[in-house]
Amino acid sequence: MIDSQVLKQIKAGARVRVWEGSTAAPFEGLVLARKHGAETGATFTVRTTLAGVGVEKIFPIGSPNITKLEVVSSPKKLHKSKLYFVRTKPARVVRKKLGVTI
């Protein structure tokens, strides 16, 4: 289960590292969206680029498979709760708009 302090920091634009189950390497990326608040079915979507291809994973907040979750950085003030525009923009444009590294 994820710590309540970390749950408050997971919001669109945050950079996170998620360790799942027995995998050695974490999945690190930008949080695009958080859905359904803090209820049992709540999820957050993380996007990263691996080998030049955009990869997204949807993680359930209540999943026992998530062993560790670390918030690397939080964004400056954003005016959007869902960052789906990131899918179509180049990384340099997103970095400038959000003020975070991707």
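The values are calculated or read from the model by the stated rules, or taken from the named source; none is laboratory data. None of the values given here were measured: they were computed from a predicted structure. Cβ atoms come from the backbone with ideal geometry, glycine included; neighbour counts cover every protein chain shown.
Before moving on, here are some points about what is shown:
- Meets criteria (without any contact (Cβ under 8 Å) to a residue 60 or more places away in the chain, touching a Phe, Trp or Tyr at 6+ places or on another chain (Cβ under 7 Å), assigned to a strand (DSSP E or B) and among the hydrophobic types (A, V, I, L, M, F, W, C)) for residue 72: no
- For the residues 54, 41, the requirement of being free of Cβ contacts under 8 Å to residues at least 40 places away in the same chain, more than 17 Å from residue 10 (Cβ to Cβ) and not aliphatic (A, V, I, L, M) singles out 54.
- Residue in region 22-41 that is touching a Leu at 6+ places or on another chain (Cβ under 7 Å), modelled with pLDDT of 90 or more, more than 14 Å from residue 66 (Cα to Cα) and among the basic types (Lys, Arg) present: no
- Subset tally (residues that are surrounded by 12 or more Cβ atoms within 10 Å (Cβ to Cβ) and farther than 19 Å from residue 28 by Cα) for region 63-79: 1
- Restricting region 1-44 to residues that are among the polar types (S, T, N, Q) and assigned to a loop (DSSP other than H, G, I, E, B) leaves a set whose member that is farthest from the chain's Cα centre (by Cα) is 22.
- Test: residue in region 83-101 that is modelled with pLDDT under 90, among the hydroxyl-bearing types (Ser, Thr, Tyr) and within 11 Å of the chain's Cα centre (by Cα): no
- Any hit, region 19-33, residues being among the aromatic types (Phe, Trp, Tyr), touching a residue at least 12 places away in the same chain (Cβ under 8 Å) and farther than 20 Å from residue 98 by Cβ: yes
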